[in-house]
Structure formats: C-alpha cells, structure tokens
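Rule-based calculations on the coordinates, nothing more; no lab input. Just so it is clear, the structure is predicted and the values come from calculations on it, not from any experiment. Cβ coordinates were reconstructed from backbone atoms using ideal geometry, including for glycine residues, and neighbour counts include every protein chain displayed.
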Amino acid sequence: MIILLLVLPLLSALLMLLWPRIAPLLALLSAAASSMLALQLLLQVAEQGSRYMLLAGWPSPLAIAWQADTLSCLLILLTTVLQLLVGFYAFATRSRDKLGQGFWPLSSLLQVSLTALWLSRDLFNLYVCLELLGLVAVALVSLSGRSAVKPALNYLLLSLFGSLCYLLGVVLLYGMYGVLDIAGLARSWQTDWLSSSALSLMSLGLMLKAALWPLHAWLPSAHAAAPAPVSALLSALVVKGPLFILSLLWLQLASVAQAQAAALLFAVAGLAALLFGGWSALRTPFSKNLVAYSTVAQLGYVTLALGLMLKFDQPLIFAALWLFVLAHALAKAACFLAVGEMSATLGGKRLTTLKGASQTMPLAMFAFAVAGGSLIGLPPSGGFVAKWALLQGLWLQGELLLWPLALVFATLLSAAYVFRVVALAFDRADPVAPDFAPQVLPQWLALLPALAVWAMALFSETLLQLLRLEAL
C-alpha cells in the first residue's frame, strides 16, 4: 500500500502528459484510489503499530528510511482527500478558471512529493521531497498567467534560499556524524556548537518555506495571485510539509538543552504571527489576501504549540499541535474555495465585491462562515478541539495566565476578521443581472471541507488518543 500511494499518482501524472484530454479523469481516479488506500493504511497502522521500511534492500543507514506511523497516515489521508475534493472543484470550474492542462499532472506530483515527505525519516530524502514540493508549488502559482509571474518568482527565489539553508545544515550534520537517518542521528547526537548551528540553519530554511513569522512576506501575494484551487492546496497542504520536518528536527533530534533554548523563541514567534497575521487580515481590502493573512495567523497556533511542546514535553500539547494542522487544512481549503468562487462569480478581488453575498451566493457564504467558525475556535469545531487540548496541556503544567490570555486575545482577533466578511455579506445586495445564475456544485465542494472540520468533534477522542500515543 505504501508503494502504491507513491506509484499511483506518479504513474497517472506521466499518463496525463501522454493523453492530456483525459488528464482530469486520471487525476480524479488516482486521488480517489489513493484516498481509499490511505484510509486502509491508517486503520492498519492504528491497529498493528507503525511500519518501518528500508528501500531497495539496502541496510541502514544506506537505505532510504520510510516510516508509516499514525501521524504520517493521518497526513497522507488528509492530502489525498483534499486532492480529490480540490480536483473536483477544478474540474467543475474548468471552463471559467482556464487552469490549463498543466494543473492536473502538477497536482498529482504535489501529492507524490507530500506523501513521500510524510513517510521519510532521512534528512537528505526529506530535502529531495521538500525541493520537489517547492518547485511544483511555484509552477502551480504561475498558472494564473502574467499577473502571477512576480509572486511566483519571489516564491521560487525565497524557496530556493530556504532549501539551501536546509541543505547546508544537512551537510554539516553528515560531515560530523556520517549518517542522515533521523533515528541513527538521535542515537549519536551531541549538544555542541556545530549541531546547534546545523539545527539553526535548517530551521531558518524550513521557517521560510513554511511562511512562519517573521519569514512570511512571500505568502500573501503568492496565495492571492494563484487560482482558487491552487491557493487551497498551498494553504491547506504545502506549508505543512516544512512544518512536519521542523517538528521532526526539534522533537526527535534536538537535545533537551537545545529544545529548552529554542522553546521560547518558537512560542514568541507563534504569538507574533497570531497578532501580525490577524491584524493584517483585518486591514487588507482584498478578499483572498484576507484568507492568506489568516494562514499566517493560524500557523502561529502551530508554532506556539511547538514551542510549548519543547518547553513542557506534554503529550496533550503534541496532540493539539497536529489537531491545529488538520483543522486548519480543512478550514482553509473551504475558505479559499468559497472566496475564490464568490470573487470569480461576482467579478472582483476586493472585499466590497462580497457585499450582499448571503443573498446572491448563500451556499458559498455559508461555507466561508462555517470554516471561519473553526478558525475562531467555536465549539465543537476542529479548531475548538485543538485549542481545548492546548489549554488542557497548559493547565496540567500549571500555566494559567500568560499563554491562555494570549490565546483568548488571538481568538478575538480571528473573530474580528471573520466577522468582517460575514457582516459585509449580510449587507443589502446590489442589483444583479436577470441572468445571474452562480454554479451550485463548486459551492457545495467548498462547503464539504468546512463541514468536515466541524465533524472532527465526532472523532476528537480517537484523534487525541492516537496523537497522544504518538508523542510517547
């Protein structure tokens, strides 16, 4: 199943180049089959335990090491399901958005690179996956045409700089230890200036590629310039890849002393992202920029949870970290699809275009509002479950003042920019043309991930249990 999850989308991407006319069908069939395989793999791993693979029969540390644990399987399932949903949206709007035939093989390559990244436990193989992910993401951004050239170029240059920082750290570690397998490195890890320098370089590169504050400047323009299906994939999935590697470095590789030294830096960066991203979303006049700045803010929760996990080593905080990732991916996919559909149908990029959208496009507006409720953290959404787990972890550690108050303030800021859109949408709508008839299917496809993020509450106990066991 693990091999099929990689071979199937890769083979479909190659076939799309040969038969571009059936590319959408191949992409959707591949994503559907991959989703079923990912679900089956998750159930097997949850029941039987993690799977560890050494490719091509080579012994460790020469072989490429893959590990399918509960977290990796959850992320693979998230990737394949969102790939399928966004693929259906792109197919439904193909005559209007004019993505071109390039979208379909690129989206399949995006799935391959993310799946390989979730499975990899070797620093150099993670670099290869990261580089492929970045190049595919830049190519997807450029599908918008001339207006996306500058944002795509900025994204490419900064992504390459981040990759070079990460690769330089890998070279330093290989020169010192002679191995790149994370488990092997952890056994011989030493707390010295060279290891700390390598960790710092790799973290700098990963934070830049994940658009974590203060290295987030490229994200709003790139996500806003991309077509709606691409923006959904970038915000929901692509920025999570570097975050995954960052968590591997600091939770599995770094020593206790190094983790304690970095904990406050990550926590403060997370709080700053929540404040700056929320304030920028509150001020921007453009709808997609608002959702993009919201991504900067919401990633602050993940960065904050990572810093608190390094400080307290609390399984509940680890679970909260990845619940934030899952909830944000679903909610942000819904937001970008809903806003993209409203902007394209109503004909404008500014927030004022959404005036009266509750009357003209009620389904899309409902999808945005439902997803926004999770971004705020309203119960019983996935965002609320993640915040509750984080607050419980802080309570067990006796942290009852600073961090909980910061979360409350960030929640109010999130509510401000979400209700900014909702209030505008409930204003009186301007007259529309007699033949105004928005497409219904794309609006339903935007609503599905919004409903899914609220359905996370139904599986919250199972998710918390699985993720807490992963932290032990």
Can you say whether LEU82 is within 22 Å of the chain's Cα centre (by Cα) and closer than 30 Å to ALA183 by Cβ, as far as the supplied structure shows?
yes
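If you check SER255 against the conditions, is it under 19 Å from THR295 (Cα atoms), in contact (Cβ under 8 Å) with a residue 24 or more places away in the chain, of a type in the set (S, T, N, Q) and surrounded by fewer than 22 Cβ atoms within 10 Å (Cβ to Cβ)?
On the way: under 19 Å from THR295 (Cα atoms): no; in contact (Cβ under 8 Å) with a residue 24 or more places away in the chain: yes; of a type in the set (S, T, N, Q): yes; surrounded by fewer than 22 Cβ atoms within 10 Å (Cβ to Cβ): yes.
No, not satisfied.
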Check segment 313-326 and report whether any residue there is touching a strand residue (DSSP E or B) at 6+ places or on another chain (Cβ under 9 Å), closer than 30 Å to THR93 by Cβ and assigned to a helix (DSSP H, G or I).
no
For ILE22, indicate whether it is surrounded by fewer than 14 Cβ atoms within 10 Å (Cβ to Cβ) and in a helix (DSSP H, G or I).
yes
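With ALA27, ALA32, ALA90, ALA38 as the choices, which residue is under 25 Å from PRO449 (Cβ atoms), within 23 Å of the chain's Cα centre (by Cα) and surrounded by fewer than 17 Cβ atoms within 10 Å (Cβ to Cβ)?
Working: ALA27 fails: surrounded by fewer than 17 Cβ atoms within 10 Å (Cβ to Cβ); ALA90 fails: surrounded by fewer than 17 Cβ atoms within 10 Å (Cβ to Cβ); ALA38 fails: surrounded by fewer than 17 Cβ atoms within 10 Å (Cβ to Cβ).
ALA32 is the lone residue from the list that is under 25 Å from PRO449 (Cβ atoms), within 23 Å of the chain's Cα centre (by Cα) and surrounded by fewer than 17 Cβ atoms within 10 Å (Cβ to Cβ).
Residue by residue through segment 390-416, note down the ones that are of a type in the set (A, V, I, L, M) and in contact with a Lys or Arg (Cβ under 9 Å, 6 or more places away or on another chain).
Just the residues of segment 390-416 that are of a type in the set (A, V, I, L, M), to begin with: 390-391, 394, 396, 400-402, 405-408, 410, 412-413, 415-416.
Residue satisfying the conditions is LEU407 alone.
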Answer residue from segment 160-208, given it is charged (D, E, K, R) and not in a helix (DSSP H, G or I) and is surrounded by the fewest Cβ atoms within 10 Å (Cβ to Cβ) among those
ASP192
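Okay, residues lined up against (1) surrounded by fewer than 22 Cβ atoms within 10 Å (Cβ to Cβ); (2) of a type in the set (A, V, I, L, M); (3) out of contact with any Ser or Thr (no Cβ under 6 Å at 6 or more places or on another chain); (4) not in a helix (DSSP H, G or I):
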{"residue": "PHE366", "(1), (2), (3), (4)": "yes, no, yes, no"}
{"residue": "SER374", "(1), (2), (3), (4)": "no, no, no, no"}
{"residue": "PRO379", "(1), (2), (3), (4)": "yes, no, yes, yes"}
{"residue": "GLY383", "(1), (2), (3), (4)": "no, no, no, no"}
{"residue": "LEU390", "(1), (2), (3), (4)": "no, yes, yes, no"}
{"residue": "GLY393", "(1), (2), (3), (4)": "no, no, yes, no"}
{"residue": "GLY398", "(1), (2), (3), (4)": "yes, no, yes, yes"}
{"residue": "PRO404", "(1), (2), (3), (4)": "yes, no, yes, no"}
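Can you pull out every residue in segment 327-362 that is of a type outside the set (Gly, Ala, Ser) and either surrounded by fewer than 23 Cβ atoms within 10 Å (Cβ to Cβ) or not in a helix (DSSP H, G or I) (or both)? Walk me through it before giving the result.
Quick first cut of segment 327-362, residues of a type outside the set (Gly, Ala, Ser) only: 328, 330, 332, 335-337, 339, 341-342, 345-346, 349-355, 359-362.
Those that are of a type outside the set (Gly, Ala, Ser) and either surrounded by fewer than 23 Cβ atoms within 10 Å (Cβ to Cβ) or not in a helix (DSSP H, G or I) (or both): THR345, LEU346, LYS349, ARG350, LEU351, THR352, THR353, LYS355, GLN359, THR360, MET361, PRO362.
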